[in-house]
Amino acid sequence: MAKFTYRMQNILDIKIKLENQAKIAYATASRQLAEEQEKLREILMRRAGYERKSKELVNGTLDIQEIRECKRAIDVMKSLQRAQMMKVHAAEKTLEMAPLGPVVFLDTAGLDDRDASLGVQRVERSLRAMRRVDVALLVLDAPCWEAVDADTAARLAAAGIPFAVVVNSRGTADTCDAAWRPDGLAATVPVLWASAREGWGLEGIRAALARLAPAGALKQPPLVHDLLPEHGTLLLVVPLDSGAPQGRLILPQVQTIRDSLDGRCLCLVVTEEQLPQAFAALREPPDLVVCDSQVVHVAARLTPSSVPLTTFSILMARTKGDLVDLARGAAALTRLRPGQTVLVQEACSHHAQKDDIGRVKIPRLLARLAGGPVETPMLAGKEFTEYAGDAAAVVHCGACAITRGQMLARLDEARAHGLPMTNYGMCISLAQGVLERVLSPFPEALAAWRAEAQLPG
């Protein structure tokens, strides 16, 4: 019998080559991530040093020239910080993995780093990265369960993060001890064997990740369509101002449109100037109007009181976080006083514009609410934040760039420090005097706001 020849062998070889290239690229990205994270930490420490020096100069003997030089140094550090954070994010590896879809892999520096100079910082950053994930893989170099591994497993369990233990074998699949299991490890935690070098066992890891992923990772809760009747009408008010990207819409607006289509709703998109025309063109009033927070005062004035009105930011607060808790947090802004500190936080690192919402507009509105200037340090990026307890509140963005789990983790951390948290949309609506109007479609959140603000129900 003639020897069998696989005619597509060349295609198979190309596939294997591409897979190997992908593995190499991921390993390179992982190393780059660790390096860039360390650079970012150094920049943050230098910035903090300059900021301390600036405060000392202002409080001490007045030296205008030295204060100016220190301010320039802080501005340089801010610019370096933004650029470095972009590099850190770029080093994270995003892959398409069925059935989860797009997945971001974070390879940490490990928790057993005993380097005298930088080991503590690397471990600290690994622990902070842990709070960002939905699922974790605890990788062992051998079937050996040490104290640091048991501590990591306990941390993951305490944080409610599902995980699997992976033994990275140097041998073949036939030589691994499939029956090995660490003492004290919960029976529900899978123990998998694989080889990063040889490539076997990877399918088992992919299958475990799909099983372990929380339901929210596979299916996000509705953004808007559950607020509408079947085949209801949704009217979206989208301003085309300097903040709108050329030729595109911002992510919360796109997500709202997609969610309305998923719910088989009729969706009409207009600018704030077109709002009267839209009402006139519709045979029946829309079931819900959703506007950009920055034109909420216009939308509230032009929308009949009988028509429910809310904002994209409040929809995002409901989907990505805890709307009731964020509404309750908005009440803290009614008690602001000049000179207090409010932390302004964004989940992404974007290029700041001339009239940037987080760096210009929100601080301006907070000063209006306080009756004078307030300190508004900016926290930007996906990195988990350990909040300082000396601030009056945290004002967060809509969180469109992070997961619900990550946003809830930020809420929990702020709550642990006694810091009330709200978001951009509620801050803007409060400053415009229409917060109750835009919270009215959500009775529980409205009641929480009224109770915390000590308003009559």
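The values are calculated or read from the model by the stated rules, or taken from the named source; none is laboratory data. What you see is a predicted model, and the numbers here were worked out from it, not measured in a lab. Using ideal geometry, Cβ is built from the backbone for each residue, glycine included, and neighbour counts are taken over all protein chains shown.
Pairs linking a residue in the stretch 128-150 that is closer than 16 Å to L209 by Cβ to a residue that is among the aromatic types (F, W, Y) and surrounded by 19 or more Cβ atoms within 10 Å (Cβ to Cβ), with Cβ atoms under 7 Å and 6 or more positions apart or on different chains, are V135/F163; A136/F163; L137/F163; L138/F163.
Test V374 against the stated conditions and say whether it is in the same structural domain as L227 (by TED's automatic domain parsing), farther than 28 Å from L227 by Cα and not aromatic (F, W, Y). So V374 passes the test. Counting only helices (runs of 4 or more DSSP H) that fall entirely inside the stretch 284-367 and contain at least 3 residues that are aliphatic (A, V, I, L, M) and within 13 Å of L439 (Cα to Cα), the qualifying elements are 312-320, 323-330. Checking each residue in the stretch 380-417 for being over 15 Å from the mean Cα position of the chain (by Cα), surrounded by fewer than 17 Cβ atoms within 10 Å (Cβ to Cβ) and at pLDDT 85 or above picks out R415, A416, H417. Count of the stretch 432-454 residues, restricted to those that are farther than 18 Å from S305 by Cα and surrounded by fewer than 21 Cβ atoms within 10 Å (Cβ to Cβ), is 7.
Residue count for the stretch 149-159, restricted to those that are closer than 23 Å to D412 by Cβ and surrounded by 13 or more Cβ atoms within 10 Å (Cβ to Cβ): 6.
Scanning the stretch 434-457 for residues that are farther than 16 Å from L288 by Cβ and either of a type in the set (S, T, N, Q) or without any contact (Cβ under 8 Å) to a residue 40 or more places away in the chain (or both) returns E436, A447, R450, Q454, L455, P456, G457.
Results for (1) within 17 Å of H225 (Cβ to Cβ); (2) in the same structural domain as A330 (by TED's automatic domain parsing); (3) in contact with a Pro (Cβ under 9 Å, 6 or more places away or on another chain); (4) surrounded by fewer than 19 Cβ atoms within 10 Å (Cβ to Cβ), shown as yes or no for each residue.
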position	(1), (2), (3), (4)
D241	no, yes, no, yes
V269	yes, yes, no, yes
F279	no, yes, yes, yes
C291	no, yes, yes, no
Q294	no, yes, yes, no
R301	no, yes, no, yes
S305	no, yes, no, yes
T310	yes, yes, yes, no
I314	yes, yes, yes, no
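Restricting the stretch 328-347 to residues that are under 19 Å from the mean Cα position of the chain (by Cα) and of a type outside the set (V, I, T), the residue that is farthest from I357 (Cα to Cα) is G329. All of E198, E203, E146 fail the test of being more than 27 Å from R410 (Cα to Cα), among the acidic types (D, E), exposed (fewer than 11 other Cβ atoms within 10 Å of the Cβ) and modelled with pLDDT of 80 or more, apart from E203. Residues in the stretch 413-457 that are closer than 30 Å to L127 by Cα and in a helix (DSSP H, G or I): E413, A414, R415, A416, Y424. Could you tell me whether the stretch 167-178 includes any residue that is at pLDDT 90 or above and within 23 Å of A154 (Cα to Cα)? Yes, some residue in the stretch 167-178 is at pLDDT 90 or above and within 23 Å of A154 (Cα to Cα). Just one residue in the set R283, R264 is over 21 Å from I362 (Cβ atoms), surrounded by fewer than 17 Cβ atoms within 10 Å (Cβ to Cβ) and within 29 Å of the chain's Cα centre (by Cα); that residue is R264.
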